[in-house]
Amino acid sequence: MRGGTEDSHNILGPVSPETPTLDPELLAVLERFRSVIEASPKNLPEWTPTKGASPNEIVRSAMFTARNRNRRRIYLKQAEIIVTGGGSILYLGEELRQDDELVWMRLLMLAKGQPLGDPICFTPYSFLKAIGWRVNNWGYQHLRACLLRMKATAVQITSNRLHQTVVTSLIDYIAMWDPEKQTSLAQWEVRVSKVMSLLFADGAFTLIDLEQRKALPEGIATKLHSYWSSHREPYPVKVETLQKLCASDSELRFFRRELKTALKALVAVGFLETWGIESDLVAVIRRR
């Protein structure tokens, strides 16, 4: 399995112009892609220890939905995901939700200061404690399910700011099981695609206060916490836009009620100073 992961990155290595099996146009694309990867940041930047991070294109999209946890997850096949503020995302895989986003941000927190693609090692116990999940069989199985779900994805992200399109899975490699002993490994290893480092260029990523997030009810409140964390001074947004961002299936009148509850929760944890809805436009002021 480890060898297969390394082989999958061979296209980013030197490619000989005399290679007869590759079409010249494809060869040029691969060479250009390799050059972009080599020019991208080698390490994730350092940031505040209590904060998670994610590229702006992801936190400003509906890739991690806020659907009710009791609803069955759907399978998306090359589905176009709504992105606010420019860019586009095509997604293949099982629907990702707020639990997956929390795991994703914790992984990136553990990876900071090192090249993406390098091993991220942790004990499941420490991971569960850090994200505030119960340390029991439910917690271990839930974490395992989130990791496997993100492994089985294909995401095409087009960034307007970078004039670049990246195609990758969110997670490249997972090791959590000892096949000889038929038991879970004491320390798990995860690798995030090195291609994702392109989206951290120019400092255009969002920092999310994970301690604050843990105090919020999972769903619309956590989704909007991530979204508005990417705006120092959030601009007014239509209720309908926020509904699409959350990928909510509720009728608009019911979503509006759920939204107000989420906004009150964001004020209660100290994230928002105040909020208001007028003519179906939601205006918020972040607390400094």
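What GluC sites (Glu not before Pro) does region 229-269 have in DSSP loop regions with at most 13 other beta carbons within 10 Å?
Taking region 229-269 and a limit of 13 other Cβ atoms within 10 Å, the loop GluC sites (Glu not before Pro) found are 251.
I'd like the distance separating the alpha-carbon centroids of region 164-214 and region 105-155, in whole Å.
7 Å
Return the loop-located trypsin sites (Lys or Arg not before Pro) in region 141-225 (DSSP other than H, G, I, E, B) with at most 11 other Cβ atoms within 10 Å of their own Cβ; answer none if there are none.
181
What does the charge add up to near residue 77, with Lys and Arg as +1, Asp and Glu as -1, over the other residues with Cβ less than 12 Å from its Cβ?
Local net charge: -3.
Indicate the gyration tensor shape class of region 110-240 (rounded, prolate or oblate), computed on the Cα atoms with a ≥ b ≥ c the square roots of the eigenvalues: a/c under 1.5 is rounded; otherwise a/b larger than b/c is prolate and the rest oblate.
Note, shape of region 110-240 comes out oblate.
Compute the signed sum of charges (Lys and Arg +1, Asp and Glu -1) over the other residues within less than 12 Å, Cβ to Cβ, of residue 218.
Neighbourhood net charge equals +3.
Need one word for region 39-146: rounded, prolate or oblate. Basis is the Cα gyration tensor (sqrt eigenvalues a ≥ b ≥ c); a/c below 1.5 gives rounded, then a/b vs b/c decides.
Since a/c reaches 1.5 but b/c is at least a/b, the shape of region 39-146 is classed as oblate.
Calculated FRET efficiency, residue 47 and residue 252, Cβ-Cβ r, R0 41 Å, to nearest 0.05?
Given R0 = 41 Å and the Cβ-Cβ separation, E is 0.65.
Excluding residues fewer than 8 places away in the same chain, name every one of the lysines whose C-alpha is closer than 30 Å to that of residue 214.
Hits, sequence-local ones excluded: 51, 112, 129, 151, 194, 223, 238, 244, 260, 264.
For the residue pair residue 285 and residue 154, what label-to-label distance in nm results when each label sits 7 Å from Cα along the Cα-to-beta-carbon direction?
Using points 7 Å along Cα→Cβ, the separation is 4.8 nm.
When only DSSP loop residues count, what GluC sites (Glu not before Pro) in region 135-232 have their Cβ near at most 13 other Cβ atoms within 10 Å?
Qualifying residues, ordered by number: 180.
Read-outs: derived from the displayed coordinates by stated rules, not from any lab. No experiment lies behind these values; they were computed from the predicted model shown. As a convention, Cβ positions derive from the backbone with ideal geometry for all residues, glycine included, and neighbour counts pool all protein chains shown.
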